[in-house]
């Protein structure tokens, strides 16, 4: 399951990064900004806008697949890894500056992801939940129990019970 998470978050990060960098390129090509038919033609005449659409659609499906299996807290935190990839690629592709505030912010993102992942792992081990059930978090309070509740709601919506 760890391999699934690793590959899944890499796919999510790749799609999110594609979307952000494509929007940057499409925006640069569409300047100057004006609300006209000509401007819309410039925007949709650029291949980068379609890269942005592919990135957003791909990241949506990757995110929905990950949420089906991963605890929500660490998953949401790890979904912000694309900030690091976009920042790094923007430096390389667009010659954008990276200063100490950006570096410190990236370190905080990584620290937050690490803290949530360690906490989730400790909670799962403490409950003895080695279960790969979608959305399972051992029923413990914390980040993972939200995904377990969401998974329960989704399952109960698929199989309605008759009351009364």
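The values are calculated or read from the model by the stated rules, or taken from the named source; none is laboratory data. Keep in mind it's a predicted model, so treat the numbers as computed, not measured. We place every Cβ from the backbone using ideal geometry, glycine too, and count neighbours over all the protein chains shown.
Quick notes
- Single match in 67, 87 (criterion: touching a helix residue (DSSP H, G or I) at 6+ places or on another chain (Cβ under 9 Å) and in contact (Cβ under 8 Å) with a residue 24 or more places away in the chain): 67
- Residue in region 89-110 that is under 12 Å from residue 73 (Cβ atoms) and under 17 Å from the mean Cα position of the chain (by Cα) present: no
- Residue 17 more than 23 Å from residue 123 (Cβ to Cβ), in contact (Cβ under 8 Å) with a residue 24 or more places away in the chain, out of contact with any strand residue (DSSP E or B) (no Cβ under 8 Å at 6 or more places or on another chain) and surrounded by 12 or more Cβ atoms within 10 Å (Cβ to Cβ): yes
- So residue 58, is it in contact with a helix residue (DSSP H, G or I) (Cβ under 9 Å, 6 or more places away or on another chain) and at pLDDT 95 or above: yes
- Residue within region 96-116 that is touching a residue at least 40 places away in the same chain (Cβ under 8 Å), closer than 22 Å to residue 13 by Cβ and touching a helix residue (DSSP H, G or I) at 6+ places or on another chain (Cβ under 9 Å) present: yes
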